[in-house]
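Accompanying notes for the structure given below.
The values are calculated or read from the model by the stated rules, or taken from the named source; none is laboratory data. All of these numbers come straight from a predicted model, not from anything done at the bench. Every residue, glycine as well, gets a Cβ built from its backbone with ideal geometry; the counts of neighbours run over all protein chains shown. Surface areas here come from the heavy atoms of the whole protein model, side chains and all, with no ligands, DNA or RNA. Shrake-Rupley method; radii C 1.70, N 1.55, O 1.52, S 1.80 Å.
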Amino acid sequence: MSLINLHEGVALVAARGAALGAFNVTCWEMAPAIIAAAEAADFPVVLQAQWPFLEYAGAPVATRFLTDLAEQAKVPVVLQVDHAKTWEQVMACLRHGFSSVMIDASHHPINDNIGLVRQVVKAAHPMGVTVESELGRLSGSEGDVVVDEAEASFTDPREAAYFVEETGVDALAVSVGTVHGPYRGEPKLDFPRLEKISQETSVPLVLHGASGLSPATLQQGVTLGVGKVNFSTELREAWLGAMRRELASDAADTLPCIRSAQAAVQKVVAEKITILKC
Ligand code: 13P
Ligand code: ZN
C-alpha cells in the first residue's frame with residue numbers, strides 16, 4: 001500500500017470520527033505484528049520507533065526494514081519516530097526516510113521548545129514529512145524519556161494555541177493526566193482541559209501514555225479532538241508475558257517463542273484499533 005505522513009493518516013480516519021493508533025516498536029519482530037493487526041482490521045496505523053530502538057538496531061538498517069514493511073503493507077502506514085529529543089536524531093530520521101517525526105523538546109522552556117520545533121518543521125515540511133511535538137510534560141517513563149511526578153505539568157490551552165501558531169507543527173502531544181508506563185490507581189483525565197486545548201488549536205491532539213486507559217476514556221478523548229493515540233507499555237507487557245510462558249515451557253527453539261510474542265502483541269494492537277475505530 002503506501003507510506004503516508006501523519007497529516008494524511010489522521011485525515012483518512014478523522015473523516016469517519018476515528019483516531020489513529022500509534023504503536024511503539026521496541027524490537028524488530030514487533031513491527032510485523034503491528035502491521036498484521038492493522039491489515040486484519042483494514043485500518044491505517046502508525047508504526048512508531050523509539051530512538052533507543054533505532055540506536056540499538058542501527059538507524060539506517062532499521063529504517064530500511066520499517067519502510068519496506070510499511071510500503072508492502074495492505075493498509076496505509078505512517079512511519080514516525082517517537083520522542084526524538086535532539087536536532088541530530090530528527091535529521092537522521094529525515095535522512096533515512098521516516099514519513100513523520102516527533103520532536104519532544106518539552107523539557108526545555110517554552111521559547112526554546114518553540115525554537116527547536118520551528119527549525120524541525122522548516123526542515124521536514126519541504127520533504128513532505130509531518131511533525132508532532134509536545135507541550136506540558138507527562139510523568140512516567142518511556143524509552144529514554146523519564147519524568148518524575150514533581151517535574152510533570154499539564155498543558156495550558158492558551159499556551160498550546162500560541163505554540164501551534166508559532167511552530168506550524170502538525171500534531172500536538174498534550175499532558176492532561178495520562179502517564180507513560182503503568183498507572184498507579186485509576187487514570188484520571190482532565191477532559192475539560194483537553195476540550196479547551198482542542199478548541200484553541202487547529203491541529204489534531206495526541207494522547208500519549210494510553211496503555212491502561214479504558215475504551216470509554218479513549219473514545220471520549222477522540223470525541224474531544226484526539227487524532228492519534230500512543231501505546232507502548234501494553235505491547236511490551238504482552239510480548240514479555242508470552243516470552244516468559246514460552247521460556248517456562250523449556251522452549252528449545254527461538255522462532256516459536258517469537259511467534260507467540262508476536263501473536264500476543266497483534267492481539268493487543270487489534271483490540272486498540274477496534275476501540276479507536278469508534
Ligand atoms: P504507554 O507506554 O504508557 O502506552 O505510552 C506510550 C507513549 O506515549 C509512547 O510515546
Ligand atoms: Zn509518549
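Picking from residues in the stretch 184-216 that are hydroxyl-bearing (Ser, Thr, Tyr) and open to solvent by 30 Å² or more (accessible area, probe 1.4 Å), the one that is farthest from ligand 1 (Cβ to nearest atom) is SER202.
Any residue that is over 26 Å from HIS108 (Cβ atoms) and either open to solvent by less than 50 Å² (accessible area, probe 1.4 Å) or touching a Pro at 6+ places or on another chain (Cβ under 9 Å) (or both) - is there at least one of those in the stretch 156-163? Checked against the condition, which is being over 26 Å from HIS108 (Cβ atoms) and either open to solvent by less than 50 Å² (accessible area, probe 1.4 Å) or touching a Pro at 6+ places or on another chain (Cβ under 9 Å) (or both), the stretch 156-163 yields no hits at all.
Can you tell me which residue is surrounded by the fewest Cβ atoms within 10 Å (Cβ to Cβ) among those in the stretch 101-155 that are of a type in the set (Gly, Ala, Ser) and part of a loop (DSSP other than H, G, I, E, B)? Ranking the qualifying residues of the stretch 101-155, first place goes to GLY128. For the criterion of being within 16 Å of ligand 2 (Cβ to nearest atom) and either surrounded by fewer than 19 Cβ atoms within 10 Å (Cβ to Cβ) or among the aliphatic types (A, V, I, L, M) (or both), LEU247 fails.
Could you list, in sequence order, the residues of the stretch 217-244 that are over 30 Å from GLU195 (Cα atoms) and either crowded, with 20+ Cβ neighbours inside 10 Å or within 16 Å of ligand 1 (Cβ to nearest atom) (or both)? Spell out the reasoning first.
Here is the first cut: in the stretch 217-244, the residues over 30 Å from GLU195 (Cα atoms) are 236-244.
ARG236, GLU237, ALA238, TRP239, LEU240, GLY241, ALA242 - these are the residues of the stretch 217-244 that are over 30 Å from GLU195 (Cα atoms) and either crowded, with 20+ Cβ neighbours inside 10 Å or within 16 Å of ligand 1 (Cβ to nearest atom) (or both).
Quick one: count up the residues across the stretch 60-91 that are more than 18 Å from the chain's Cα centre (by Cα) and small (Gly, Ala, Ser). Can you show your working first?
Step one: filter the stretch 60-91 for residues more than 18 Å from the chain's Cα centre (by Cα), giving 60-61, 64-65, 68, 71-74, 87-88, 91.
Still in the running and small (Gly, Ala, Ser): 73.
Of the residues in the stretch 60-91, 1 are more than 18 Å from the chain's Cα centre (by Cα) and small (Gly, Ala, Ser).
For the stretch 41-59, give me each residue that is part of a strand (DSSP E or B) and farther than 11 Å from ALA31 by Cβ.
In the first step, residues of the stretch 41-59 are kept if they are part of a strand (DSSP E or B); the result is 45-50.
Selection gives VAL46, GLN50.
Residues that are open to solvent by 20 Å² or more (accessible area, probe 1.4 Å), closer than 17 Å to GLN266 by Cβ and small (Gly, Ala, Ser) within the stretch 23-79 comprise ALA36, ALA40, ALA41, listed in sequence order.
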